[in-house]
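Chemist: The structure follows.
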Amino acid sequence: MSNFFKYIFIAVFILSVSSCEDELALPDITAQFESGQLGFGSDETELAININFSREISDEGVIEINAVPTGVEYGTHFTTEPAMINNKLSIPVAAGATGISFKVIKPEGVAFSGDEQIKFSLASNIESLIIADNSELLLSFAEIIATSGTIDINGGGATYPNKVFIDFSANRQTAVARTKWDFGFSSGDDFRVILNSSNGMMAMALDKNDLNSVTAADTVGFGMKLSLDAVFAAINLDTPPSWVPDAITWIDDPSGDLMKTAVASISATASENKVYIINRGNGPGTTPTVLGWEKIRIIRNGAGYTLQHANIAASSFSEIQITKNPSFSFQYVSLASGVVDVEPTKERWDIAWTAFTNSTNFGTGPVPYYFQDVILQNREGVETVQVLTSAISYEAFAEGDIATLDFSNQSQVKIGSSWRSGGGPGSSPAIRSDRFYVVKDADGNYYKVKFTALTTSGERGKPKLEYALVKRGN
């Protein structure tokens, strides 16, 4: 690799993971509802409502949430956690918190006509906390199809601790800690397994199919190559090692193609399923948290999976059973916690914001590297297309313009990082203002989407977007 390309790669890498925090006086800390309107679907029994702070608060106190129900009565038609007293919730806030949440719960057997609603409003006795403009939330006991909205994406900050799923029609986002899971097991007809790309996970197969026979001797030298840091170091050598072209096969294909996962398709013939050495990658932190290494083997269990796992030097292993659920694209598993809930049901999200293990090519073939601020799209029925403002403005784009769009060649990274400039030598990452996107959701609703900020108060991991319904689905 030439020194020129090394310089570009190093600059992009550093800028992509660095924070743009403001060293000057920090602005006021604000609190606001995550959205101004939410719908409570008929198939949902509870709904979490989030109040986000613009950053950590330094003191403690109480946030009060006043409720004005219309057509519903507390205790009969709904309850809350924590409990509501005289149409008011009081939620204590600890120093260091970045937000709070509460739940609205529907009792079994209660029918709704669809016009019932609750209006919530915020109040605070915390001196350092100011209630922002988005201080009210209207909750409808029916599905909604949002016509427009703005979303402050709750990525968690400069160490990007969250992966955030966004559903435009429901005006809803779901933030999930990226360290909550390690593997996703496909609920489709195939038997495929994905790695947690947001932690920079990597997997390498051994020529063994007995987990107990694998020892530390089988992994000699893996620490020098089975990590994103090791790959980055290797490609910057004057003569990169011979294993560098193989590194791209140790991650899942960034396009989301399930035929190109690091872990091979799980065979119905158990003896064909190999042992893999897993580098679980890094969690968030100013100094990233090292998540560790394990050995795993996955076999089929009827229509589901069995995950065998252990520390590399262990002479016995644990098992986790995974059952497919067709309501979800994947069933998620943590090596620490077992089966866990991560993404919403496949009809309830359109795009996701996350940090991501991407690939690039600087003349030596594609190599994996870590990239912040990537937009992924739902593999299940969601399609996107980019529109340049030189052709038509965001404001002018209307239903009649949909027919001019080309929705071919879809992948989970169709939007990817194209909404932001990458930040080369002498420049910082920034929003691209010359484009917007049209998103067709699984129900046939078309939304135009424009990213409006890469940071909040100078902090990465908190981008913003706005959207508007262009055409309602059938």
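Chemist: Please work out the FRET efficiency for the pair Ser90 and Thr150, using the Cβ-Cβ distance as r and a Förster radius of 30 Å; give the result to the nearest 0.05. Working shown, then result.
Modeler: Values: r = 28 Å, r/R0 = 0.95.
Taking R0 as 30 Å, the efficiency between Ser90 and Thr150 is 0.60.
Chemist: Which order do the peptides 69-75, 462-468 come out in when sorted by mean C-beta neighbours inside 10 angstrom, highest first? Display every interim value, and only then the final one.
Modeler: On the way: 69-75: 13.7, 462-468: 20.0.
The peptides rank, most packed first, as 462-468, 69-75.
Chemist: Still on this structure: Of Gly200, Val176, Ile130, which is farthest towards the positive pole of the chain's charge dipole, taken about the Cα centre with +1 and -1 on the beta-carbons of Lys, Arg and Asp, Glu respectively?
Modeler: Most positive-ward Cα: Gly200.
Chemist: I'm a student and want to see the number: the projected area of the Cα convex hull of region 327-469, averaged over all directions, in nm².
Modeler: On the way: hull surface 46.7 nm².
Directional mean of the projected Cα hull area for region 327-469 stands at 11.7 nm².
Chemist: Can I ask one more? Grab the Cα-Cα distance for Ala142 and Lys260, subtract it from 0.36 nm times how many residues apart they are, and report the gain in nm with one decimal.
Modeler: Values: separation 118, 0.36 × 118 = 42.48 nm, distance 3.99 nm.
Computed gain between Ala142 and Lys260 is 38.5 nm.
Chemist: For the chain, compute Rh as the Kirkwood radius over C-alpha pairs and then the Stokes-Einstein diffusion coefficient at 4 °C and 1.567 mPa s; write the answer in µm²/s, rounded to an integer.
Modeler: On the way: Rh = 24.1 Å.
It comes out at roughly 54 µm²/s.
Chemist: Identify, among Ala310, Phe102, Gly365, the residue whose Cα sits farthest towards the positive end of the charge dipole of the chain, taking +1 on the Cβ of Lys and Arg and -1 on the Cβ of Asp and Glu, with the dipole about the Cα centre.
Modeler: Comparing the listed Cα positions along the dipole, Gly365 ranks first.
Chemist: Same structure, new question: If you place +1 on the Cβ of every Lys and Arg and -1 on the Cβ of every Asp and Glu, how big does the dipole about the Cα centre of region 24-147 come out, in debye to the nearest 20? Spell out each step's value before the answer.
Modeler: Values: 5 positive and 18 negative charges, 21 e Å.
So the dipole magnitude of region 24-147 works out to roughly 100 debye.
Chemist: Hey, another quick one. What FRET efficiency do you get for Thr70 and Val290 if R0 is 51 Å and r is their Cβ-Cβ distance, rounded to the nearest 0.05?
Modeler: On the way: r = 51 Å, r/R0 = 1.01.
Efficiency at R0 = 51 Å is approximately 0.50.
Chemist: Per residue Cα convex hull volume for region 24-147, in cubic angstrom? Could you put the intermediate results ahead of the total?
Modeler: On the way: hull volume 13.6 nm³, N = 124.
Each residue corresponds to 109 Å³ of Cα convex hull volume.
Chemist: So, one more: How big is the C-alpha Rg of region 183-340 next to the rule-of-thumb value 2.2 N^0.38 Å, as a ratio?
Modeler: Working: Rg = 15.6 Å, N = 158, 2.2 N^0.38 = 15.1 Å.
Scaled against compact globular proteins, the figure is 1.04.
Chemist: Could you give the Stokes-Einstein D for region 265-370 in µm² per second, using the C-alpha Kirkwood radius, 20 °C, 1.002 mPa s? All intermediate terms of the calculation are to be shown ahead of the outcome.
Modeler: Details: Rh = 16.6 Å.
Here the translational diffusion coefficient equals 129 µm²/s.
Chemist: As an exercise, use a Förster radius of 45 Å and the Cβ-Cβ distance of Ala396 and Ala123 to find the FRET efficiency, rounded to the nearest 0.05. Provide the component values of the computation, followed by the final result.
Modeler: Numbers: r = 41 Å, r/R0 = 0.90.
For Ala396 and Ala123, the calculated efficiency is 0.65.
Chemist: Further question on the same structure: Note down the net charge around Ala95, summing +1 for each Lys or Arg and -1 for each Asp or Glu among other residues with Cβ under 14 Å from its Cβ.
Modeler: Values: positive: Arg55; negative: Glu56, Asp59, Glu60, Glu127.
Here the count lands on -3.
Chemist: Could I ask something else about it? Can you work out the Karplus-derived ³J(HN,Hα) for every residue in region 390-405? Use 6.51 cos²θ - 1.76 cosθ + 1.60 with θ = phi - 60°, whole Hz, and x for glycine or proline.
Modeler: Taking θ as phi minus 60°, the curve returns 5, 8, 6, 7, 4, 5, 7, 4, 9, 4, x, 8, 4, 4, 7, 8 Hz for region 390-405.
Chemist: Further question: In a Debye calculation with equal point scatterers on the alpha-carbon sites of region 184-245 and no solvent, what is log10 I(q)/I(0) at q = 0.15 Å⁻¹?
Modeler: -0.68
None of the figures in this text is laboratory data; all of them are computed from the coordinates on show. All of these numbers come straight from a predicted model, not from anything done at the bench. Note that each Cβ is placed from the backbone with ideal geometry, even for glycine, and that neighbours are counted across all protein chains shown.
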